1. If you scan region 122-160, which residues turn out to be within 25 Å of T96 (Cβ to Cβ) and assigned to a loop (DSSP other than H, G, I, E, B)?
2. Would you please list the contacts, defined by Cβ atoms under 7 Å and residues six or more apart or on different chains, that run from a residue in region 142-154 that is closer than 22 Å to A108 by Cβ to a residue that is open to solvent by 90 Å² or more (accessible area, probe 1.4 Å)?
3. Looking only at region 313-348, how many residues end up being in contact with a Gly (Cβ under 9 Å, 6 or more places away or on another chain) and loosely packed, with under 13 Cβ neighbours inside 10 Å?
4. Given the criterion of a type in the set (S, T, Y), closer than 21 Å to D47 by Cβ and open to solvent by less than 10 Å² (accessible area, probe 1.4 Å), identify the matching residue among S204, S186.
5. For Q191, all conditions in the list (1) surrounded by 14 or more Cβ atoms within 10 Å (Cβ to Cβ); (2) assigned to a helix (DSSP H, G or I) hold save one; what is the number of the exception?
6. Just wondering, is there one or more residues in region 299-307 that are under 15 Å from G183 (Cβ atoms) and either in contact with a Lys or Arg (Cβ under 6 Å, 6 or more places away or on another chain) or aliphatic (A, V, I, L, M) (or both)?
7. If you scan region 225-243, which residues turn out to be charged (D, E, K, R), within 23 Å of G183 (Cα to Cα) and modelled with pLDDT of 70 or more?
8. Go through region 297-312 and give me each residue that's open to solvent by 30 Å² or more (accessible area, probe 1.4 Å) and touching a helix residue (DSSP H, G or I) at 6+ places or on another chain (Cβ under 9 Å).
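The values are calculated or read from the model by the stated rules, or taken from the named source; none is laboratory data. Quick caveat, the model's predicted, so the values are computed rather than measured. Cβ placement follows ideal geometry from the backbone for every residue including glycine, while neighbour counts extend to all protein chains displayed. Just the protein is used for accessible areas: all its heavy atoms, side chains included, with ligands, DNA and RNA removed. Shrake-Rupley method; radii C 1.70, N 1.55, O 1.52, S 1.80 Å.
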Amino acid sequence: MKKKIYMILVLMVSTFCLTACGGSGTESLNQSKEDQAESSIDVDAMDTYMTLRAYGENRDDALDAAKTEIERLDDMWSVGNEKSEVSVLNKEKQITASNETVELIECAQKISEETDGAFDITIYPLMDLWGFTTQKYHVPKDAEIVKILKKHIGMDKVIVEKESNTVTLLDGAQIDLGGIAKGFASQSVAQIFEEYQISHGIISLGGNVQAIGKKPDGSRWKVGIESPNDHFDMVGTYEAKDEAVITSGGYERYFEEDGKTYHHILDPKTGKPADSDLVSVTIVSKAGMKADCLSTTLFVLGKDKSINYWKEHKDEFDFILVDQEDNIYVSEGIEDHFSSDYDFKIIRK
């Protein structure tokens, strides 16, 4: 690969792609026009631009319900909304939380425990220190970082009492669920689509994509991974069906100071932008919430630790990794549905 590749996830759902990018069309011939009818809706929530697309008789009702659900979850978890559960918890240090908030926190706790703290929702004070929450970016002094790390960071500072749904923050800790919330939202929308009997649909929440079934023509949804430096230079394409495809990379949010770039994915151990050997992590999983969490976690872990973690949990997810040398690594579970013009290595257990 000739140039350094930074990754973003884009959904190939143009009219051309829907009609010409795969499948013989046999299935579509056997469907009614209503089954193939398409509607879409845009949602601005969770600090990103979202597009939802559905096919079938109940598509408009499903999309309206999905939009309402996304906005409800955003109101519940936004750190910018002073009335959200997260904001109230950060201020009051103890609340009786919703089932959804407890579920997110418990998932974060599990991943954190399995990865020696590589994922940590108490990172919020550090994100604020670096200016990623206010867009007033600056590089803090090491002493400032160390002070916050020692006093306020650590998943042991988040206590959940499952029976009462009580969540308590210790030692002045504050949380941010942004690293996992969109994944939960995507799988919630998938459940809504199922309730409305939507067999074909696609949910694009920024870099989070959730495929519902296949396309109406019977082929899989094509999710492209491209370089933002050259929007016509695709790193690869993954063909998805009934699964989430979620990516994370340092290119998503960053700033420059004194000629150096600082990205928003902080290492909970150092309090600084993660300095792993990866520039992009894409996770493929049936569980959107876990995929969202793991895309950030593996970015922090780096290639070798990520591969080792996958080998212990290969039934739960697959990955596409790109390192700083432009090498692409794809786990064996998705090799039949990933293609690229570049060489890539299949990782096997």
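1. Narrowing region 122-160 to residues within 25 Å of T96 (Cβ to Cβ): 122-125, 152-160.
I153, G154 - these are the residues of region 122-160 that are within 25 Å of T96 (Cβ to Cβ) and assigned to a loop (DSSP other than H, G, I, E, B).
2. Close Cβ pairs satisfying both conditions: K151/D171; H152/D171.
3. Selection size over region 313-348: 2.
4. Details: S204 fails: open to solvent by less than 10 Å² (accessible area, probe 1.4 Å).
So the residue among S204, S186 that is of a type in the set (S, T, Y), closer than 21 Å to D47 by Cβ and open to solvent by less than 10 Å² (accessible area, probe 1.4 Å) is S186.
5. (1)
6. Going through region 299-307, the residues under 15 Å from G183 (Cβ atoms) turn out to be 299.
If we keep only those that are either in contact with a Lys or Arg (Cβ under 6 Å, 6 or more places away or on another chain) or aliphatic (A, V, I, L, M) (or both) as well, we get none.
For region 299-307, residues under 15 Å from G183 (Cβ atoms) and either in contact with a Lys or Arg (Cβ under 6 Å, 6 or more places away or on another chain) or aliphatic (A, V, I, L, M) (or both): absent.
7. Going residue by residue through region 225-243, those that are charged (D, E, K, R) are 226, 230, 233, 239, 241-243.
Pick out the ones that are also within 23 Å of G183 (Cα to Cα) and you get 226, 239, 241-243.
E239, K241, D242, E243 - these are the residues of region 225-243 that are charged (D, E, K, R), within 23 Å of G183 (Cα to Cα) and modelled with pLDDT of 70 or more.
8. Initial filter on region 297-312 (open to solvent by 30 Å² or more (accessible area, probe 1.4 Å)): 301, 303-305, 308, 311-312.
Within region 297-312, L301, K305, N308, E312 meet the criteria.
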